[in-house]
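One structure is given below, encoded as structure tokens.
The values are calculated or read from the model by the stated rules, or taken from the named source; none is laboratory data. What you see is a predicted model; the values in this text were computed from it and never measured. Here the Cβ positions follow ideal geometry from the backbone for every residue, glycine too, while neighbour counts run over all protein chains shown. Side chains are part of the model used for accessible areas, which takes the heavy atoms of the whole protein and leaves out ligands, DNA and RNA. Shrake-Rupley method; radii C 1.70, N 1.55, O 1.52, S 1.80 Å.
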Amino acid sequence: MEKRKVVSGYAGSLMGALLFAVAINIIIVPHQLYIGTVTGIAQVIESVLANFTSMPKNFNLTGTILLLLNIPLILLVLSITNRVFPAKTIVTIIFITVAMSFIPIPVEPLVYDPLAASIVGGVLAGFGTGLTLRCGGSGGGSDLIGVYCSIKYPDFTVGRVALIIGVFVYSYCLIVYDLNTVIYSALFTVIYALAVDHAHYQNIKTSALIFTTNPDAVQEVMNKLQRGATCWEGKGAYSGNHTHIFTTVISKYEAPNLKRIVTAADPHAFIILNNKVDVSGNFVKKL
């Protein structure tokens, strides 16, 4: 069962990455639209290189450049966190590089209207990214910068990172192309972000209250999910039996793993989950 879960997680993550790559190469690039993320920076670098070299028009270096940009970001995140960096993220980044490098770019846009291309491309790319995140992977880029900022500079939000990147990318578009390209690119990015949110509510938090006679159950949660917990001793009002009570906050998509880990250590554990919580303080947003 555990092996099947791992395989399905990788398969879903890579499927989402493929959808993202297809949307970018097939729909967005033919219209010379840009996404306001690190992928957009890779597009800008690829565009600058194309102006000074004789690259084939149907070959896209964006994936390779994105990989090169992600390498220092991965090392940066690893330098400030002691948790094991998900191998799924690294595999996904490499897969996106290969997919974006080999998926041919149409000479003529398949979706002729740039407005329609912005909408369709944004939905497909956003759903793909959301699927990747939901399966525990990540395409890197802005996600890695967000992890670094949330750990190193708690007051520097991911939104500010996205704003800075977006200003850089769209300033380039405005200089090289025209206002229409900037507008359609911004529209694509907004739709992309909304699609990601609908496909994967990554930052929805869930509070967990665990009642167990085996304290090792929550120790397993702390070790495997890398989450802290607060504990106290209790007694059943009806049975009078002694029990350990633990409370923690996790991501919504960590909840199934928490229940699996706890029940494996204590099949009779009592678990309460509440999705409607607001958390301030030292809560780590996971990829």
Residues of segment 171-199 that turn out to be open to solvent by 70 Å² or more (accessible area, probe 1.4 Å), touching a residue at least 12 places away in the same chain (Cβ under 8 Å) and within 19 Å of ASP113 (Cβ to Cβ), as a count: 2
- request: Run GLU254 past the list (1) modelled with pLDDT of 80 or more; (2) within 25 Å of the chain's Cα centre (by Cα); (3) closer than 22 Å to LYS5 by Cβ and report the number of the one that doesn't hold.
  value: (1)
- request: Evaluate segment 272-284: report whether one residue or more is within 30 Å of ILE74 (Cα to Cα) and either in a strand (DSSP E or B) or modelled with pLDDT of 75 or more (or both).
  value: no
query: Within segment 21-37, restricting attention to residues that are in a helix (DSSP H, G or I) and open to solvent by less than 10 Å² (accessible area, probe 1.4 Å), which residue is farthest from ILE94 (Cα to Cα)?
result: ILE28
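Conditions (1) under 23 Å from ALA199 (Cβ atoms); (2) modelled with pLDDT of 85 or more; (3) of a type in the set (A, V, I, L, M); (4) under 19 Å from the mean Cα position of the chain (by Cα), marked per residue:
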position: GLY12; (1), (2), (3), (4): yes, yes, no, yes
position: ILE24; (1), (2), (3), (4): yes, yes, yes, yes
position: LEU49; (1), (2), (3), (4): no, no, yes, no
position: THR53; (1), (2), (3), (4): no, no, no, no
position: PHE59; (1), (2), (3), (4): no, no, no, no
position: ILE71; (1), (2), (3), (4): no, yes, yes, yes
message: Given (1) under 21 Å from the mean Cα position of the chain (by Cα); (2) surrounded by fewer than 18 Cβ atoms within 10 Å (Cβ to Cβ); (3) modelled with pLDDT of 85 or more; (4) part of a loop (DSSP other than H, G, I, E, B), identify the lone condition not met by ILE94.
response: (4)
statement: Within segment 33-54, residues touching a residue at least 40 places away in the same chain (Cβ under 8 Å) and not aromatic (Phe, Trp, Tyr) come out as LEU33, ILE35, GLY36, THR37, VAL38, THR39, GLY40, ILE41, GLN43, VAL44, SER47
